[in-house]
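Everything on this sheet refers to the single structure shown next.
The values are calculated or read from the model by the stated rules, or taken from the named source; none is laboratory data. In this text, all values refer to a predicted model and were calculated from it rather than measured experimentally. Glycine gets a Cβ as well: all are built from the backbone with ideal geometry, and neighbour counts include every protein chain shown.
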Amino acid sequence: MNKTLKFVAALGLFLSATGCVNNEQKKNDNVDGLNSAKIESVDLGLTSGTKWASCNVGADSPEKYGEYFAWGETSPKEVYSDTTYSYYNVPDSLAADSSAKKVWKNIGADIAGTEYDAATAVLGDAWKMPTESQCKELVDECEWTWTEMNGVNGYKVVGKNGNSIFLPASGVRGAADVVKNDMIGGFWSSTLCEAAETSGDFAMAVYFFSESRAVDKGGRWMGRAVRAVAK
């Protein structure tokens, strides 16, 4: 892994662990709410045949950020933290014993198309969250160009057949604010990070900033965008 990708991975881990936020959210003015998003499926000529949504869940145009979701939750909320996460239990002993282990509810290793899938819940049965392998395919098989659309930074992602989607640099939600919007972006996959050392508290996500992109683990309780794929 080169230095740039190592930085992306480190950045992702930092964002998953911190609640320190100070950037003001912008350009997330979804006019008609979640269910009115007019999303098209875009064929990028990928090996798997996966078709990607033209905009984020909760957005009605490609450059809008859409809504933010904790992994496995299907509605946006005001505050994103481990204690507000639906699938985290705070042990009674935590206050008295800092070594007490966090207890994460197991909702499945892959939540695509299940009751925990924000894309399916919001957009309907024709859509789901992408798996880790579909995310890696998007990163590896497409040409990514950092650009802007209607004043919003992000990536134009061009498939092997010349079709493209735009991914806005939507940042990530921690506590009640957005971190690093217009500088970094990404979205959840449907795949839990199953590495032994994570103890179930991480899921896989796409991360990107102006110089690179990668698929890496992120804290399940953080608020991130969701970009759907067609079933």
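Would you be able to tell me the number of residues in region 119-138 that are out of contact with any Cys (no Cβ under 9 Å at 6 or more places or on another chain) and under 14 Å from Thr191 (Cβ atoms)?
Looking only at that region, the number is 11.
Here is a check on your reading of the model: is Gly58 in contact (Cβ under 8 Å) with a residue 24 or more places away in the chain, touching a helix residue (DSSP H, G or I) at 6+ places or on another chain (Cβ under 6 Å) and either among the small types (Gly, Ala, Ser) or crowded, with 19+ Cβ neighbours inside 10 Å (or both)?
yes
Just one of Val139, Val122, Val157, Val172 is under 30 Å from Gly108 (Cβ atoms), β-branched (Val, Ile, Thr) and at pLDDT below 95; which is it?
Of the residues listed, the single one that is under 30 Å from Gly108 (Cβ atoms), β-branched (Val, Ile, Thr) and at pLDDT below 95 is Val172.
State all residues of region 197-206 that are touching a Leu at 6+ places or on another chain (Cβ under 9 Å) and at pLDDT 95 or above; if no residue qualifies, say none.
Ala203, Met204, Val206
Can you list the strands (runs of 3 or more DSSP E) found entirely within region 184-231 that contain at least 2 residues being under 8 Å from the mean Cα position of the chain (by Cα) and crowded, with 24+ Cβ neighbours inside 10 Å?
184-192, 202-209
What are the residues in region 123-148 that are farther than 16 Å from Val206 by Cα and either small (Gly, Ala, Ser) or surrounded by fewer than 22 Cβ atoms within 10 Å (Cβ to Cβ) (or both), if any?
Leu123, Gly124, Asp125, Ala126, Thr147, Glu148
Which one of the conditions (1) surrounded by fewer than 22 Cβ atoms within 10 Å (Cβ to Cβ); (2) touching a Pro at 6+ places or on another chain (Cβ under 9 Å); (3) farther than 22 Å from Lys38 by Cα does Phe166 fail to meet, given that it meets all the rest?
(3)
Would you mind finding the one in Asp216, Asp140 that is in contact with a helix residue (DSSP H, G or I) (Cβ under 9 Å, 6 or more places away or on another chain), farther than 21 Å from Thr83 by Cα and acidic (Asp, Glu)?
Asp216
Take Val178 and decide whether it is at pLDDT below 95 and under 17 Å from Gly66 (Cβ atoms).
yes
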